[in-house]
Amino acid sequence: MKTNTFIHKTLYPRRMVFPAFILYTILFMIPTVMGIYYAFTNWNIYSDAIHFNGLDNFKVLFIDQSFKYVRPITNTVVFAFFTSVLEAVIGLSLAIMLNRKIFARNTLRSIFFMPQAISTIVIGIIFTTILHPTGLLNNFLDLIGLDFLQQKWLTNTATAMPSVIAVEVWRYFGLNMVIFLAGLQGIDQSYYEAARIDGANSWQLFIKITIPFIMPAVTINTVLNIVHGFRAFDIVYALTNGGPGNATEVIATMVYREYSAGNYGLSNAMNLILLIMTTVISVLVNRATSKKEVTL
């Protein structure tokens with residue numbers, strides 16, 4: 001009886017959920033459902049009438065002979081994969097290093113996290129200058145005798161996408177580092193001490209103790225990285241605007257381009273593809289990594 005009374009007094013009444021639910025429905029659910037509906041219509045700026053056209057928009061996206069729309073889809077997958085992996089690997093490496101008692105540890109943490117506080121437009125201006133053919137990077141390569149590595153980093157189709165990926169990784173690995181650090185600091189050191197007594201080496205400690213106990217952080221970082229990767233727009237727009245040609249065009253920039261051209265139904269179809277890709281992959285990754293989490 002006392003327990004029921006305690007629960008009754010401490011739990012919030014269900015009606016307190018309604019304001020958040022109503023806002024979520026108005027600001028997210030209704031626009032999403034409307035976007036899905038318009039993906040199957042001919043809605044455009046040239047006609048007042050909106051008609052249901054089935055899968056016509058998707059046929060345009062995938063059957064277009066010029067591969068105008070297929071290239072952004074493949075670019076998005078490539079961009080999301082490499083940024084997700086590199087951000088996680090670099091973030092985890094830095095987190096392990098900065099979890100130890102080293103000189104200027106807190107200062108280094110702040111420095112590595114700082115890109116998160118910088119506006120994307122500012123990042124775009126900075127790196128457009130650095131990666132310019134006569135910019136800082138090429139001048140540095142020339143100074144150290146590696147002038148044969150000089151490139152037109154953002155205007156060459158071969159180096160534009162890797163350059164944008166590198167800038168995106170630089171922007172987000174600090175966030176990964178902070179989340180991994182939170183996970184590492186929650187591990188009881190007695191597990192490591194017991195394992196060392198049993199003769200475990202550094203690699204075994206990492207695989208058998210560190211990874212299982214930071215698996216919640218791995219899940220969070222992986223899902224966030226994938227979502228950021230698939231929804232990438234601002235950094236691509238700021239650095240290359242999808243060029244040269246369509247070498248760095250991703251789905252989000254293509255959605256913006258088609259919507260600006262008045263092809264609203266087609267842009268909603270691309271947005272629906274992006275929503276499905278992001279949701280499916282995030283759910284699969286979340287399920288796969290959640291099964292490997294351990295409870296303290």
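The values are calculated or read from the model by the stated rules, or taken from the named source; none is laboratory data. The structure presented is a predicted model; accordingly, all values stated were derived computationally and were not measured. Cβ coordinates were reconstructed from backbone atoms using ideal geometry, including for glycine residues, and neighbour counts include every protein chain displayed. For the accessible areas, the whole protein counts, side chains as well, though only heavy atoms, and no ligand, DNA or RNA atoms are used. Shrake-Rupley method; radii C 1.70, N 1.55, O 1.52, S 1.80 Å.
Scoring 89-98, 16-25 by mean Cβ neighbours within 10 Å over their residues and listing the highest first yields 89-98, 16-25. Look at the Cα gyration tensor of the chain: its axes a ≥ b ≥ c give a/c of at least 1.5 with a/b at or below b/c, and that counts as oblate. Ranking PHE18, ALA49, PRO162 by how far each Cα lies toward the positive end of the dipole of the chain (charges on Cβ) leaves PHE18 at the top. Neighbours of LEU98 by Cβ distance under 9 Å: Lys/Arg scored +1, Asp/Glu scored -1, total +3.
Classify the stretch 122-184: rounded, prolate or oblate, from the alpha-carbon gyration tensor (a ≥ b ≥ c, eigenvalue square roots; a/c under 1.5 rounded; otherwise prolate if a/b is larger than b/c)? Note, shape of the stretch 122-184 comes out prolate.
Rounded to the nearest 20, the Cβ-based charge dipole of the stretch 1-146 about its Cα centre (Lys and Arg +1, Asp and Glu -1) stands at 1040 debye.
Ordering ILE207, LEU284, SER190 by the projection of their Cα atoms onto the charge dipole of the stretch 161-296, which places +1 on the Cβ of Lys and Arg and -1 on the Cβ of Asp and Glu, puts LEU284 at the extreme positive end. In terms of its alpha-carbon gyration tensor, the stretch 196-288 comes out prolate; a/c meets the 1.5 threshold, and the first ratio a/b outweighs b/c. Its Cα centre serving as origin, the stretch 72-177 has a Cβ charge dipole (Lys and Arg +1, Asp and Glu -1) of approximately 460 debye.
Sequentially through the stretch 196-209, phi angles give Karplus couplings (6.51, -1.76, 1.60; θ = phi - 60°) of 5, 4, 7, x, 6, 8, 4, 5, 5, 4, 5, 6, 8, 10 Hz, Gly and Pro residues having no value and appearing as x. Per residue, the accessible area of the chain comes to 60 Å², computed with a 1.4 Å probe over protein heavy atoms only.
Accessible surface ranking for LYS59, LYS291, 1.4 angstrom probe, highest first: LYS291, LYS59.
For the stretch 152-279, the relative contact order is 28 percent, taking Cα pairs closer than 8 Å that sit 6 or more residues apart in sequence and dividing their mean separation by the residue count. May I ask for the distance between the Cα centers of the stretch 67-102 and the stretch 14-30, given as a whole number of Å? Comparing the Cα centres of the stretch 67-102 and the stretch 14-30, I get a distance of 33 Å.
Residue-wise HN-Hα couplings along the stretch 77-93, as the Karplus relation 6.51 cos²θ - 1.76 cosθ + 1.60 with θ = phi - 60° gives them from phi, are 5, 4, 4, 5, 5, 5, 5, 4, 5, 5, 4, 5, 5, 5, x, 5, 4 Hz; Gly and Pro carry x. Using a probe of 1.4 angstrom, how much of the accessible area of the chain is carbon and sulfur, in percent? Heavy-atom surface of the chain belonging to carbon and sulfur, 1.4 Å probe: 67 percent.
Only Cα pairs under 8 Å and 6+ residues apart enter the sum, and on that basis the relative contact order of the chain stands at 28 percent. Placing +1 on the Cβ of every Lys and Arg and -1 on the Cβ of every Asp and Glu, with no other charges, gives the chain a dipole of roughly 1040 debye about its Cα centre. Each of the peptides 114-126, 248-260, 188-200 was scored by the mean count of other Cβ atoms within 10 Å over its residues; in descending order, highest first, they stand as 248-260, 114-126, 188-200. For THR41, the residues 5 or more places off, or on other chains, whose built amide H falls under 5 Å of its own are ASN53. Our coupling estimate for the stretch 138-145, obtained by passing each phi through the Karplus curve with A = 6.51, B = -1.76, C = 1.60 and θ = phi - 60°, is 5, 5, 5, 4, 5, 5, 9, x Hz, Gly and Pro reported as x. Projecting the Cα atoms of ASN271, ASN241, MET254 onto the charge dipole of the stretch 222-296, computed from C-beta unit charges around the Cα centre, puts ASN271 farthest toward the positive end.
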